[in-house]
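J.: First the structure, then my questions, so here it is.
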Amino acid sequence: MGEPALASQRPDAEIVRPAKVLELAAGRPTTPLWRNEAGGLTFRIEGVRESVVKWNPPGSSESLAEEAERLRWLSGRVPAPRVIEAGADASGEWLLSEAVPARSAVDPRWLAEQNTLLGDDGGFAAIVDVARVGVADRWADLAVASLSLDWNYGPGCQSTFFAAYGIEPDERRLAYYRALWNAE
């Protein structure tokens, strides 16, 4: 996957809304938030009870049904959006959830500080984008997390990261999982 290009993943305000997104919005304004690498789109639906809808085209490599299942599992364990509805038809797949009252990590407020936390105060607000959440070897996450330190802050932070985590880097596992990440 390599280094993410965040600016290119935020769609224009004028992007065409899929019919299902407009149906779920029921006349309320929508704001585009994200475009993923698989062609999926995420929109905030404005209103008294704000919500977020993710939509993926048919054949997408990202399963919103699986993400909905993971969000439901996370409920009560960690802060996460509550699933309102999830489904699929011939036009694509969707996941409608309650909006989290916080800023996205790609909001200009955080991009300016290279901060990836979601809360206005810099504190943890909720977990989102859980399509790939699962129980696995922690080194899979640590390999990518430590890589993203280099992307976001430049070389030199990894030793502090591993010291704060309380472990010595396992170079064999790091190399393996980074190779998998870069192969995608």
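The values are calculated or read from the model by the stated rules, or taken from the named source; none is laboratory data. Keep in mind it's a predicted model, so treat the numbers as computed, not measured. Ideal geometry is used to build each Cβ from the backbone, glycine not excepted, and the neighbour counts take in all protein chains shown.
J.: Which residues, taken from the stretch 68-83, are in contact (Cβ under 8 Å) with a residue 24 or more places away in the chain and farther than 11 Å from W94 by Cβ?
T.: Within the stretch 68-83, R70, L71, L74, V78, P79, A80, P81 meet the criteria.
J.: Inside the stretch 24-51, can you point out the residues that are touching a residue at least 60 places away in the same chain (Cβ under 8 Å) and either under 18 Å from R132 (Cβ atoms) or assigned to a strand (DSSP E or B) (or both)?
T.: Residues satisfying the conditions are L33, W34.
J.: Would the stretch 130-147 turn up any residue that is surrounded by fewer than 16 Cβ atoms within 10 Å (Cβ to Cβ), charged (D, E, K, R) and at pLDDT below 75?
T.: Yes, the stretch 130-147 has at least one match.
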